[in-house]
Structures are given as C-alpha cells and as structure tokens.
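The values are calculated or read from the model by the stated rules, or taken from the named source; none is laboratory data. Only a predicted model underlies this, so the values are computations on that prediction, with no experimental measurement involved. Backbone-built Cβ (ideal geometry, glycine too); neighbour counts: all protein chains shown. Side chains are part of the model used for accessible areas, which takes the heavy atoms of the whole protein and leaves out ligands, DNA and RNA. Shrake-Rupley method; radii C 1.70, N 1.55, O 1.52, S 1.80 Å.
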Amino acid sequence: EPEVTQTPSHQVTQMGQEVILRCVPISNHLYFYWYRQILGQKVEFLVSFYNNEISEKSEIFDDQFSVERPDGSNFTLKIRSTKLEDSAMYFCASSYRGETQYFGPGTRLLVL
Amino acid sequence: AQSVTQPDIHITVSEGASLELRCNYSYGATPYLFWYVQSPGQGLQLLLKYFSGDTLVQGIKGFEAEFKRSQSSFNLRKPSVHWSDAAEYFCAVVLSGGYQKVTFGTGTKLQVIP
C-alpha cells in the first residue's frame, strides 16, 4: 500500500540554523500539507499546497517557513532560522482529491 | 467558533473490554469526519472516515464510529480492546468540499491494562 515517507526521522539543530524537512507524498496525490505537533499538544496545520502554490497557511507559517515541490516526487518544508519553539514533530500529508489526508511518520525536530 | 472536542484526555480500559471514545464538533455544516491513531513514536494512521450516507462506518483494526447529527458527535467504538490498541486517538474534521486543512481534536490517550 502506498505511503507518505519523510526524512530524516530525527533532526537536531542549533538555534538560528536552517533546516529542510523532506517528504515524498503518495505518487498520484495532488494536495500536499505540513502539520506540526509540539510535545504534549495537538496537531496543528501549517500549510497546504496545490498546483505548485500555497493554497492556505496558518498564522504559524510566517516568513521563516517556506515550502517547495522541487521535482515530481518531493515536497519540502524549510525553516530559515530555527528558534527553540520550532522544536516539534513535523508531519507531511498528501491527498488525491483533498478530502482524505494520509500522513507520514513525521520528523522530530529538536532545536538547541 | 469552529472546534473539535474530545472531552476525555485519558482513558484506561481492561483488555477485552469495550471502548468508546467521544468526539463532538462545532461547525456550521456537517464536515467530513475522521479518526486517526498515533502509536508511541509513530505517525498518524487513518482509522476511518465519514463523508455521508450510512451513519455507522467501519474502519481498520476492528474499530467503528457512529455519526449522530443531532448531537454533533462522531464517537469511536471497539467491542473488545487489545493491548496493541494502546495509543493516542485523534478525532479530526475537514470542511465539506475537501482540499482544506484537517482540524484535530486534542486527543484521547488510551491505556490498556491486562
């Protein structure tokens, strides 16, 4: 069964550094998303992406964040200058028609 | 305001006992409804979903959920819990029409005791 994959599974970085989180959505899916879950809190929406552009973003998704689909298979989330409060589990999701989203296993980001 | 509420933060059940996890939503129209499960250190796995039609939906791992429009509820049930069901369960909604963000409830952590 097709799955969403994410790399790396864990990443530790220093505050102020740039990080890129990578996702490979399910191959025929058209809608792509990033969510995050701060430890002990609920899963929060960051951004959705369709037809090579952002379709919706949350207040969390400020200028420090960007997303890209650099080729036909990858979907990336970049944080330009990480802060301590960016420490969280980041989930990528994809959907074929937009109604059912399938989530990847997540990348646990720790900012020191 | 639009919201998804899971009133039980933590539930403990004995193995073999039945389970019901509660979920209520507050939206102007009936959204698409989902239950996801997150095992420790794992991602979010889709258990089941409801868009329309039959209000009792079957999912994976022996779970089912019932949509009740009058109560704005979508409760998750399992007749006999297994130790491997210990996990965190999230109710979630997407506004009808799709392609929009998933809004998650706060989650219910299930503990299963022998």
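Here are a few things to note about the model shown:
- Unique residue being open to solvent by 90 Å² or more (accessible area, probe 1.4 Å), within 18 Å of A:S81 (Cβ to Cβ) and of a type in the set (D, E) when the list is A:E18, A:E1: A:E18
- Comparison of A:T100, A:T82 shows that the only residue that is assigned to a loop (DSSP other than H, G, I, E, B), at pLDDT 95 or above and either polar (S, T, N, Q) or over 21 Å from A:E18 (Cβ atoms) (or both) is A:T82.
- Search result, residues across the range B:53-88 that are part of a helix (DSSP H, G or I) and of a type outside the set (G, A, S): B:I60, B:K61, B:R69, B:Q71, B:W83, B:D85
- Residue-level analysis places A:F61 among those that are in a loop (DSSP other than H, G, I, E, B) and open to solvent by less than 60 Å² (accessible area, probe 1.4 Å).
- Check on A:Q6, among the polar types (S, T, N, Q) and assigned to a loop (DSSP other than H, G, I, E, B): no
- For the range A:76-91, the set of residues classified as of a type in the set (S, T, Y) and either within 14 Å of chain B (Cβ to nearest Cβ) or surrounded by fewer than 18 Cβ atoms within 10 Å (Cβ to Cβ) (or both) consists of A:T76, A:S81, A:Y90, listed by residue number.
- Options A:S48, A:S73, A:S55, A:S94; residue that is farther than 21 Å from B:T103 by Cα and either away from chain B (no Cβ under 12 Å) or part of a strand (DSSP E or B) (or both): A:S73
- Test: residue in the range B:61-84 that is within 14 Å of chain A (Cβ to nearest Cβ) and open to solvent by 10 Å² or more (accessible area, probe 1.4 Å): no
- Restricting the range B:29-55 to residues that are more than 12 Å from chain A (Cβ to nearest Cβ) and touching a residue at least 60 places away in the same chain (Cβ under 8 Å), the residue that is nearest to the chain's Cα centre (by Cα) is B:T30.
- Matching residues in the range B:85-114 - criterion: being under 13 Å from the mean Cα position of the chain (by Cα), open to solvent by 60 Å² or more (accessible area, probe 1.4 Å) and more than 8 Å from every other protein chain (Cβ to nearest Cβ): B:K109
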